[in-house]
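The values are calculated or read from the model by the stated rules, or taken from the named source; none is laboratory data. Just so it is clear, the model here is predicted, and its values are computed rather than measured. No Cβ is skipped: glycine too gets one built from the backbone with ideal geometry, and neighbour counts run over all protein chains shown.
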Amino acid sequence: MPDDAATFAGVASSNGFVMPDDAVMSDGFVRPDALGPMVLVQKLHDEAKLPVYAHPGDAGADLTTLESFTLAPGQRRLVPTGLAIALPAGYAAFVHPRSGLAVKHGVTIVNTPGTIDAGYRGELKVCLVNTDATESVSFAAGDRIAQLVIQPVVAAAFVTAERLPGSDRGESGFGSSGR
């Protein structure tokens, strides 16, 4: 096994990544899909930053803004990332808010999570909103604005039914489980 592959495997395992037994190929290199699905990323602008996981084991990779802007209280804005992606079949990406922006500044995402289907090839944009009633929030190009979570998805078969089977919950909806 080449030293680089052994080093990579050692770093990956020491950082909490679980590598499958067959992750290292006979030539000593790690299979590209060994740590998860391969997502192709196209930089639409030179300044765009690839999504990055801040810590080993994180579910979401940080997305950054391509431009500087300020959100006034109550204002929403569609923010470009300068990236387009190609997801493998059977996967979708979901754009989630960053908890620190929500807690510290009241900034969240209007349609959360935003869903990116495997067939979409346009620029990833994030619809941010400032929920703070009095304070504006400024962002510089390159600031982290959201998290991208990649998940497997299945296509369901929707079948018309005259009646649905019973369940313990029944028709109890919003607030039915307590506060």
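For region 59-108, the tally of residues that are under 18 Å from L124 (Cβ atoms), without any contact (Cβ under 8 Å) to a residue 40 or more places away in the chain and charged (D, E, K, R) stands at 0.
Look at R121 and say whether it is under 26 Å from D46 (Cβ atoms) and assigned to a loop (DSSP other than H, G, I, E, B). Outline the logic, then answer.
Values: under 26 Å from D46 (Cβ atoms): yes; assigned to a loop (DSSP other than H, G, I, E, B): yes.
Judged against the criteria, R121 is a match.
In region 142-172, how many are surrounded by 10 or more Cβ atoms within 10 Å (Cβ to Cβ) and in contact with a strand residue (DSSP E or B) (Cβ under 8 Å, 6 or more places away or on another chain)? Step through it out loud before you land on a result.
Applying the first criterion (surrounded by 10 or more Cβ atoms within 10 Å (Cβ to Cβ)) to region 142-172 yields 142-151, 153, 172.
Then drop every residue that is not in contact with a strand residue (DSSP E or B) (Cβ under 8 Å, 6 or more places away or on another chain), which leaves 142-151, 153.
Within region 142-172, residues that are surrounded by 10 or more Cβ atoms within 10 Å (Cβ to Cβ) and in contact with a strand residue (DSSP E or B) (Cβ under 8 Å, 6 or more places away or on another chain) number 11.
Report yes if A141 is assigned by TED's automatic domain parsing to the domain that holds T70, at pLDDT 95 or above and assigned to a strand (DSSP E or B), otherwise no. Reasoning before the result, please.
Details: assigned by TED's automatic domain parsing to the domain that holds T70: yes; at pLDDT 95 or above: yes; assigned to a strand (DSSP E or B): no.
So A141 does not fit the description; no.
Matching residues to (1) over 17 Å from the mean Cα position of the chain (by Cα); (2) of a type in the set (K, R); (3) loosely packed, with under 14 Cβ neighbours inside 10 Å; (4) not assigned by TED's automatic domain parsing to the domain that holds G142:
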| residue | (1), (2), (3), (4) |
| --- | --- |
| L71 | yes, no, no, no |
| G74 | yes, no, yes, no |
| F94 | no, no, no, no |
| S99 | no, no, yes, no |
